[in-house]
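So the structure is just underneath, and the comments pick up after that.
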Amino acid sequence: MLNVTNLTLSYGEKIVIENVSFNVNKGEIFGIVGPNGSGKTTLLKAISGSQEPVQGKIILNERSLTTYHSKELAKLMAVLPQQSETAFTYSVSDVVALGRYPYQKGWLQGLTKEDHQVIEQALRQTGTEGFKDIPLQSLSGGERQRVLLARALAQEPDILLLDEPTNHLDISYQMSLLNSLKQWSRDRGLTVIAVLHDLNMASLYCDRVLLLDEGQTIALNDPRNVMKKESLTDVYKTALECGEHPAHPSPLITFVPETADQESLSPIDQLQIEQNAQWIKITSPNRWKALSSAVLGAGFSWHNTFVNRHVHKDYQCDDVISEFRHYLTEREMSGEDVMGMMTAAMLEDGVILRVNENGLNMLVMVTAGTSNAVDATRAFSHPQIESKVGTINTWVFVEGKMPESAYVQALMTVTEAKSKAMFDEGIKDEITQTIATGTSTDSVMIAASQEGEEFPYAGTITPVGKLMAKLVYEATREAIVNNKKRRGI
C-alpha cells in the first residue's frame, strides 16, 4: 500500500532522516519509535505530503505521493498531529464535520445525510458524542485529542497517521483508542502509521515497529525482534530490562532507575533474622526479587519481609491467604510486603547457612519434617487424600543480579540438591516404601538482591549453582537430622 524508498529529509542543512526504506501493508498497524530528535515526526510529515524529501520517494497505491491533489490525498489519508489544536471556536460536532471537507464539491455545499451519519459514527467511536455541542476550547487536552481523532476518522481514510495519539489521554482512553485501532485495522482494513513514545504500547499493538536513532534505521521487524535489551539500551542511553508480558505474547520493557549510594553493609549483611517456635522471619531494608511457591507472594514479586510460619499439623482453613494476612495484621505487618510460607515442622530445628566466598554471597534457610514424604515417581499410586501443610521449606538469598531464566535454573538446582539430601538420609515414602523425593507440599523461594555482580545462570555446574546446591544439600540434611532426633528416630 505504502512504499518508502531511500528517503532522506532535512531542515535546512541538517539531515534528520537519512536513507530510510520500508513498506506498510493494508490493514497493518505500523509503529515508529525512537528517542526525541530521532526524526519520527519529520518522517510522518513526509508520509502525509507536508515535507519535501531531499532524495528518495514515497509511493502510495502505486502512485508517487507528489502526484496527488490535496483533496484526493485527504480521502486516502488522515492525520492526527502531536499537538492538540486550540484555535477553533467551533463546537465539537463542527470540528468533526471538517473531516468531511474532502468530499464536498463546492464552497457552499452543505453536509449530506451520509456526512451526518459518518460524523455521528466518528463521535461514537471516540466517545465524544456526549459533548458534541460544547466549544472545543472548553475541553481538556485529552478530550480535544479525542475530538481531533474523530475528525480524522470522519475523513474515512484508508491510512491514518498518528503522531503521539495517546498524548494527554489517561490510561483507560489510551487502551480504548488503541483497542479500537486494532479492531478497525482487522475489520475494515484500516492502515495505521503511528509515532509512539510508549514502547510497551508499541509492543502490544503494533504489527511491526521501525526503531529510529538520529534519523537512521536501527531495526525494522515485529516487536519481539525489535524490542531487544541491547539495541534499546544503546538507542535510549538508559538502563532497561526486556521481559515477557504476563498476559500477552509481547515484550515488556521496564526502565531501571539509578540506585542511590549503597550502604557499607552488603544486602545479605543487612538481613535481620528472627528464629523461634512461632516463625522464622527475615527482614531487609531493601526489597529482593523473589520467585516462590509461597502462600503469600507466589510467582515473581518483590519483598523485604520473609516469614516461614509454624502451624499445627492438623491446620485447616478454607481461605488460607486471608487467614495468613489476618495473622500478619495482628502482628502489625502488611500482607502486601510479606512473602509467606507455612510448615508443620518445628522451626527451632530449621537450619540457616551463610557463605561469602569467591565473590559469591549467599544465605540458605531450610526447615524440614518428613512425616508426609512422597516419591514423586510413585505418587500416582497414592490414594486421593487431602494435602497436609508442607514440611520442607527452602529459601535461598543470592546477593547479585539474576535474570528470570536463572531463577528457573536455580529452582531445578535446589530441587535436585534437596532430593539428594533425602536420598542420603534414607527418607522413604511411607506408602510405596521407595526413596522419597520431597514431601507432599514442599515450598521453595529463590531471592536475589538485584544489586552488584550479574549471574546469568544458576544451573548445577555454574559457580552460583554449585554453591547453592552445596548449601541446600547441607542445610536439608542437617534439618532432617534435627527432625529425626525430635521424633526419636
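For first residues located in the stretch 469-480 and at positive phi, partners that are of a type in the set (Lys, Arg) and part of a helix (DSSP H, G or I) and lie 6+ apart or on another chain with Cβ distances below 6 Å do not occur. Test of understanding: among ASN179, ASN225, which residue is part of a helix (DSSP H, G or I) and either within 28 Å of MET402 (Cα to Cα) or not assigned by TED's automatic domain parsing to the domain that holds ALA46 (or both)? Result of the check over ASN179, ASN225: ASN225. Scan the stretch 307-324 for residues that are part of a helix (DSSP H, G or I) and either of a type in the set (S, T, N, Q) or touching a strand residue (DSSP E or B) at 6+ places or on another chain (Cβ under 7 Å) (or both) and jot them down. Scanning the stretch 307-324 gives ILE321, SER322, PHE324. If you take the residues in the stretch 304-326 that are crowded, with 18+ Cβ neighbours inside 10 Å and of a type outside the set (Val, Ile, Thr), which one is farthest from VAL481 (Cα to Cα)? Among those residues, the one meeting the criterion is ARG325.
Restricting the stretch 154-173 to residues that are assigned to a helix (DSSP H, G or I) and surrounded by fewer than 24 Cβ atoms within 10 Å (Cβ to Cβ) leaves a set whose member that is nearest to the chain's Cα centre (by Cα) is ILE171.
Kindly check whether there is at least one residue in the stretch 235-251 that is of a type in the set (Ser, Thr, Tyr), within 30 Å of THR413 (Cα to Cα) and not assigned by TED's automatic domain parsing to the domain that holds VAL16. Looking for residues that are of a type in the set (Ser, Thr, Tyr), within 30 Å of THR413 (Cα to Cα) and not assigned by TED's automatic domain parsing to the domain that holds VAL16, one finds none in the stretch 235-251, hence no. Screening the stretch 433-466 for residues that are part of a strand (DSSP E or B) and over 28 Å from ASN372 (Cα atoms) and picking the one that is modelled with the lowest pLDDT gives GLU454.
Of the numbered criteria (1) buried (at least 21 other Cβ atoms within 10 Å of the Cβ); (2) within 29 Å of the chain's Cα centre (by Cα), the one ILE17 fails is (2). Do the conditions hold for GLU430, that is, is it acidic (Asp, Glu), part of a loop (DSSP other than H, G, I, E, B) and in the same structural domain as SER301 (by TED's automatic domain parsing)? Against the criterion (acidic (Asp, Glu), part of a loop (DSSP other than H, G, I, E, B) and in the same structural domain as SER301 (by TED's automatic domain parsing)), GLU430 qualifies.
In the stretch 436-488, what residues are among the β-branched types (Val, Ile, Thr) and closer than 13 Å to MET422 by Cα? Explain how you work it out, then say what you get.
Looking only at the stretch 436-488, we keep the residues that are among the β-branched types (Val, Ile, Thr), and these are 437, 439, 441, 444, 446, 460-462, 464, 472, 476, 480-481.
Correct list: THR437, THR439, VAL472, THR476, ILE480, VAL481.
The values are calculated or read from the model by the stated rules, or taken from the named source; none is laboratory data. Quantities reported herein were computed from a predicted structural model and do not represent experimental measurements. No Cβ is skipped: glycine too gets one built from the backbone with ideal geometry, and neighbour counts run over all protein chains shown.
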